[in-house]
Amino acid sequence: MKNLVSKFGQTAKLPALSFALAFSITGLLIAFSDSKVLAKIGSPIEFIKSGLATIGNAYLALFQGSIFDINLARGNSFFQGFYPLSETIVTATPLILTGLSVALAFRSGLFNIGAQGQFIFGAIGASYVGFHFNLPTVIHILFAALAGIVLAAIWGGIVGILKAKTGAHEVILTIMMNYIAGYFILWILKTKPFLRPGRIDPIAPEVGLSARLPLLAGENLRIHAGIFIALASALFVWWLLAKTTIGFKFRAVGANSQAARTAGISVPFVVTSTMAICGGLAGLGGAVHVMGSAHALNTDVAGSFGFDAITVALLGRAQPLGTVFAALLFGALRAGGRTMQSNTGTPLDIVLVTQALIVLFIAAPTFVRFIFRLKKLSSSASLTSKGWNG
Amino acid sequence: MSLELRGITKAFGSLTVNDSIDLKVEAGQIHAILGENGAGKSTLMNIVYGLLKADSGEIFVDGKIQNISEPSDALSAGIGMVHQHFMLIPVFTVAENIVLGHEKIGKFGVLDIESAREAIIRVSKDFGFSVDPDAIVETLPVGIQQKVEIIRALIYEAKVLILDEPTAVLTPQETDELLKTMQELKSKGTAIIFITHKLREVREVADQITIIRRGKVVGLVSPDTSEGELASLMVGREVDLAPEKHKHEIGNPILIAKNLSVRDAMGTEVVKRINFELRAGEVLAVAGVQGNGQSELARAIVNLEDHIEGSLLLDGKEIRGLSIYDSLHAGIAFIPESRELDGLVGSFSIAENLILDLHDQAPYAKGINLSVQVVSEQAEKRVKEFDIRLQSVSDAVSTLSGGNKQKVVIARELSRPIKVLVASQPTRGLDVGSIEFVHERILSERDAGRGVILFSTELEEVLALADRIAVMYRGEIIEIVDSKVSKEELGLLMAGVVKSKAGS
């Protein structure tokens, strides 16, 4: 157990430091982009003072917008103070699922850029079943989720089959499939079954009450049961990778497909099934989003859940647990960024800069190690067991 | 010019990899450093070349103490090094590679390649090389690429040349060529440090041999020391260089190839309508110069190649066209040519690598559940049985030495019920002790009545293990000979020279 904790500490160290570094630099950006702060550049002490105050206010607003807002707690009930945390989790929930989709693909050696398109098909499937049928609640939810998963798994699986059969590169394929999905949803929202009665703009009917995921903390908070689905999916991905023969094949192909093939593992099988499962995960993300918070399909239902997923998976080092944490962080930044913008006038874009910086540092570990004078992970240990002749 | 090392010591953590090593090389002398993989040879040379810093000890050139902390210090002291893995940029020409890092700027700020071209031609003439300065490096054979490295060292006036395992990547012909080159350099007064673990080469060219074992110098001997003595000094125990081949009954044909052809991705026939019969209890060696279709033939037996024609019967059943999985489980063990690329998943644990082929079978799997417990228990057994030296079966296999890696591959392949063992270059890059182990294993499979088909470019290996030898040349088996064939005859056959046959 102690071993496990220290191992986790080792893996989490780099993301944590990258995180700290990104926030420091963002702080400087916030200060230097504020005209009131810049006006005081003549007197250094005043300048630093007001700079720090601005940074402090911005980050306080970020916290208020993502975790806990004392004003809301005072105004209504204490519980309502957690409205921001609820928003964080609501944003993070679909992101966990799309992040897992990209992470699992990573582990099989595949770059799934297609979570966006898969998400869209998941949303379409769940939405259609959600508003078209009238079923008992649990069954309705399961049926809608399943429709989303299956549709998206097929969408992802097509990429897998194309790669397995023709050797086409999955990055190109998934990017193109994203375009197709993006325009497909524009078209389908104009077709009769998806047109909301009485509306002419592209918006689908709301999913029935029986197909909505139950709210977890009353009517005033949006947090819904989707977070449990997301966490269960993370557990599923962990189990699949660590405990099953299928996961063994996935990881073997991901780490050295040539050796895996030589040992009799079918690479086409791995490619196809990975893409199908990844599609299913991202699709479940779309379904949960529709059933949990969006309720109705519109042209922008997918937002950037599928693209942020790539960053989330990278930040989570393609580990299920890491992906969950990374998605929660991104959810917090998104939710908090809105409050930061409205409360302090710090533009929302600064949050995107922070996200980009975190990922930049993760991708450049040598730089972070250099700044914090970290030694390379257990270099002496690997040297001693490796020998020194290469 | 002479190079002398006194008391070089280097430790990584608690492990002393060079323990007060003394060494002296004179001008016009070839000094071989012989040692197993992991004995500390490369560390020592990396210290001399300034890639690593010694904890203590001194380096003298011509009696003067040198402070070498970077390769550029070594170069200016007249020490050049040819690394085992070439430091060449494949898409550059020879001349461009040679000026790399020493770029001179000519008129109008243009890179001066011309003087490098002239230098290459001059050095080539002096030492009898034929290297085209304008050739793109990646189009050159490995042996020539190595010469480019040597030329680079000579152009920058290296008087002491370190060759780190230079023959590991060469074919026998290229090796002979290199040994000649070394003699040539020696006669022109260059001092050469020749690092290797191959006994024959050492005895052929070295003037003096320093043997290193576990970081210590264990002997300074002359080249007329016998191979057996050298080997036991290196390994620290008696080594059986020529494994004993028991006479025994050879059984029925177990693997029959009929008109077997392999095409590469471009559609070229790289194996051409080959016929052979492998019998139970024999070692059929397939000899040939690298690149004559042996690799493809070996891979074709387990259906790893994509375009195979003809017929391949295992114990009477057609196996051509089966999936790789089915071929392996029909009873073929396959030791691939490159254990790093094809044999092992480097980041996987040793235990996981041991079940790469069996992970979805009992007792490792129940349904789709993989029993981590059973996997590591079985791994412990294999590790004992095959004497794999490691710290823990859950360590990444990439932490093992070459010999132990190969043992993992062999342990895995021999833990299925098999009828035929296909071994492709099974001892490439291994040290004497590991080679001995691999040879013993191959012969014990033969003695147990399995058919063994051995692909090797090492003549000694072929002659020591084979019952019959098939020689491949340009994709064809041009002759199948008895193992009593002489080395010279075999060499000629490998070069494509066939004795005139009646009626053909």
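Starting from region B:47-139, pick out the trypsin sites (Lys or Arg not before Pro) whose DSSP state is loop and whose Cβ has at most 15 other Cβ atoms within 10 Å.
Working: sites: B:LYS53, B:LYS64, B:LYS104, B:LYS107, B:ARG117, B:ARG122, B:LYS125; in loops: B:LYS53, B:LYS104.
Taking region B:47-139 and a limit of 15 other Cβ atoms within 10 Å, the loop trypsin sites (Lys or Arg not before Pro) found are B:LYS53, B:LYS104.
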Item to check | CD proxy at 222 nm, helix term only [per DSSP H run n ≥ 4: -39500 (n - 2.57); per residue of chain A; nearest 500] | outcome: -24000 deg cm²/dmol
Checklist outcome for this item: Cα-Cα pairs in chain B separated by more than 45 Å, as a whole percent of all pairs, come to 19 percent
Checklist entry - Which number gives the lysine pairs in region A:2-381 that have C-alpha atoms under 22 Å apart and are eight or more places apart or on different chains? => result 13
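Would you mind working out the accessible area per residue for chain A, using a 1.4 Å probe, and quoting it in Å²? Before the final figure, lay out each step's value.
Values: 17870 Å² over 390 residues.
So chain A comes to 46 Å² accessible per residue, rounded to a whole number.
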Item to check | For region B:263-279, 3J(HN,Hα) per residue [Karplus equation, 6.51 cos²θ - 1.76 cosθ + 1.60, θ = phi - 60°, Hz, x = Gly/Pro] | outcome: 10, 8, 4, 7, x, 6, 7, 9, 10, 10, 6, 8, 10, 7, 10, 9, 9
Item to check | Amide H partners (placed H, <5 Å) of B:GLN208, local residues excluded | outcome: B:ILE30, B:ALA32
Checklist outcome for this item: A correct Stokes-Einstein calculation for the protein assembly as shown, using the alpha-carbon Kirkwood radius, 4 °C and 1.567 mPa s, returns a whole-number D in µm² s⁻¹ of 41 µm²/s
Checklist entry - aspartates and glutamates within cross-link reach of B:LYS10: Cα-Cα under 15 Å, excluding same-chain residues under 8 positions apart? => result B:ASP19, B:ASP22, B:ASP55, B:GLU58
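Taking the Cβ of B:GLU249 as the centre, find all other residues whose Cβ is under 12 Å away and add up their charges (Lys, Arg: +1; Asp, Glu: -1). Numbers along the way, then the final one.
Working: positive: B:LYS247, B:ARG279, B:ARG446; negative: B:GLU282, B:ASP447, B:ASP467.
Summing Lys/Arg as +1 and Asp/Glu as -1 gives 0.
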Checklist entry - Which of the aspartates and glutamates could be linked to B:LYS484 by a straight reach, that is with a Cα gap under 14 Å, when you skip same-chain ones fewer than 8 residues away? => result B:GLU460, B:GLU461, B:ASP467
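Rounded to the nearest 5, what is the percent of antiparallel bridges among the DSSP beta bridges in region B:3-235? Present the calculation step by step, with values, prior to reporting the outcome.
Values: 22 of 40 bridges.
Here the share of antiparallel DSSP bridges comes out near 55 percent.
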Item to check | Nearest-20 debye value, chain B charge dipole, Cβ charges on Lys, Arg, Asp, Glu | outcome: 400 debye
Item to check | region A:23-90: radius of gyration and largest Cα-Cα distance (Dmax), Å | outcome: 15.4, 46
Next on the checklist: Using a 1.4 angstrom probe on the protein heavy atoms only, could you order A:THR137, B:THR171, B:THR139 from most to least accessible area?
Outcome noted: B:THR139, A:THR137, B:THR171
Item to check | Computed helical MRE - 222 nm, chain B, DSSP H runs ≥ 4 contributing -39500 (n - 2.57), nearest 500 | outcome: -9000 deg cm²/dmol
Checklist entry - In Å², rounded to the nearest 100, what is the total accessible surface buried by chains A and B against each other with a 1.4 Å probe? => result 3100 Å²
Checklist entry - Across region A:326-336, in residue order, what do the Karplus-derived ³J(HN,Hα) couplings come to in whole Hz, using 6.51 cos²θ - 1.76 cosθ + 1.60 with θ = phi - 60° and x for Gly and Pro? => result 4, 5, 4, 4, 5, x, 5, 5, 5, 5, x
Checklist outcome for this item: Dipole check, the protein assembly as shown, charges on Cβ (K,R +1; D,E -1), about Cα centroid: among A:LEU186, A:VAL253, B:TYR473 the Cα furthest to the positive pole belongs to A:LEU186
Checklist outcome for this item: Listed by chain and number, the residues whose amide H is under 5 Å from that of B:LEU15, excluding neighbours fewer than 5 places away on the same chain and using placed H, are none
Checklist entry - Which of the residue pairs B:LYS53/B:LYS216; B:LYS419/B:LYS487; B:LYS147/B:LYS186; B:LYS216/B:LYS245; B:LYS24/B:LYS186 have a Cα-Cα distance greater than 23 Å in the structure shown? => result B:LYS419/B:LYS487; B:LYS216/B:LYS245
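Which value, in debye to the nearest 20, describes the size of the charge dipole of chain A about its Cα centre when Lys and Arg Cβ atoms bear +1, Asp and Glu Cβ atoms bear -1, and nothing else is charged? Please report the intermediate quantities before stating the final value.
Working: 28 positive and 11 negative charges, 249 e Å.
Roughly 1200 debye for chain A.
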Checklist outcome for this item: Per the charge dipole of region B:3-235 (beta-carbon charges, Lys/Arg positive, Asp/Glu negative, Cα centre), the residue among B:GLY101, B:ILE121, B:ALA135 reaching farthest to the positive end is B:GLY101
Next on the checklist: Taking the Cα centroid of region B:31-85 and of region B:289-332, what is the distance between the two, rounded to the nearest whole Å?
Outcome noted: 46 Å
Checklist entry - Gap in Å between the Cα centre of region A:218-250 and the Cα centre of region B:365-436? => result 35 Å
Checklist entry - Counting only protein heavy atoms and using a 1.4 Å probe, what share of the accessible area of region A:2-381 belongs to carbon plus sulfur, as a whole percent? => result 70 percent
Checklist entry - Once amide H atoms are built 1.01 Å from N in the peptide plane, which residues 5 or more positions from B:VAL286, or in another chain, come under 5 Å H to H? => result B:LEU454, B:PHE455, B:SER456, B:ALA470
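Of the heavy-atom accessible surface of region B:1-107 (probe 1.4 angstrom), what whole percent is carbon and sulfur? Don't skip to the end; give the middle numbers.
Working: 2290 of 4580 Å².
Carbon-and-sulfur percentage of accessible area, whole number: 50.
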Checklist entry - So how compact is region A:276-344: Cα radius of gyration and Dmax in angstrom? => result 13.5, 44
Next on the checklist: With +1 assigned to the C-beta of every Lys and Arg and -1 to the C-beta of every Asp and Glu, and no other charges, what is the dipole magnitude of the protein assembly as shown about the Cα centre in debye, to the nearest 20?
Outcome noted: 2980 debye
Checklist entry - Which residue, A:THR26, A:THR91, A:THR191, has the most motion in a Gaussian network model of chain A that connects Cα atoms within less than 10 Å? => result A:THR191
Checklist entry - Residue farthest toward the positive end of the dipole of chain B, with Cβ of Lys/Arg at +1 and Asp/Glu at -1: which of B:ALA423, B:MET1, B:LEU443? => result B:LEU443
Checklist outcome for this item: Heavy-atom accessible area of B:ARG428, protein chains in place, probe 1.4 angstrom, given in Å² to nearest 10, is 80 Å²
Item to check | In order through region A:305-320: 3J(HN,Hα) via Karplus (6.51 cos²θ - 1.76 cosθ + 1.60), integer Hz, x for Gly, Pro | outcome: 4, x, 7, 4, 4, 4, 5, 4, 5, 5, 5, x, 6, 6, 9, x
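Relative contact order of region A:2-381: what whole-number percent is it, with Cα pairs under 8 angstrom and at least 6 residues apart?
Computed value for region A:2-381: 31 percent relative contact order.
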Next on the checklist: Sequence gap at least 6, Cα distance under 8 Å: using those rules, report the relative contact order of region B:1-91 to the nearest whole percent.
Outcome noted: 30 percent
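Rolling a 1.4 Å sphere over the protein heavy atoms, what is the accessible area per residue of chain B, to the nearest Å²?
Result: 42 Å² per residue.
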Checklist entry - Percent relative contact order of chain B, based on C-alpha pairs within less than 8 angstrom and at least six residues apart? => result 15 percent
Next on the checklist: Show log10 I(q)/I(0) for region B:3-235 at q = 0.14 Å⁻¹, two decimals, from a solvent-free Debye sum over equal Cα scatterers.
Outcome noted: -0.89
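Specify, per residue and in Å³, the volume enclosed by the convex hull of the alpha carbon atoms belonging to region A:2-381. Present the calculation step by step, with values, prior to reporting the outcome.
On the way: hull volume 69.5 nm³, N = 380.
Convex hull of Cα atoms, per residue: 183 Å³.
The values are calculated or read from the model by the stated rules, or taken from the named source; none is laboratory data. Computed from a prediction, not measured in an experiment: that's the story for all the values here. Using ideal geometry, Cβ is built from the backbone for each residue, glycine included, and neighbour counts are taken over all protein chains shown. Only protein heavy atoms, including side chains, enter the accessible area calculation; ligands, DNA and RNA are left aside. Shrake-Rupley method; radii C 1.70, N 1.55, O 1.52, S 1.80 Å.
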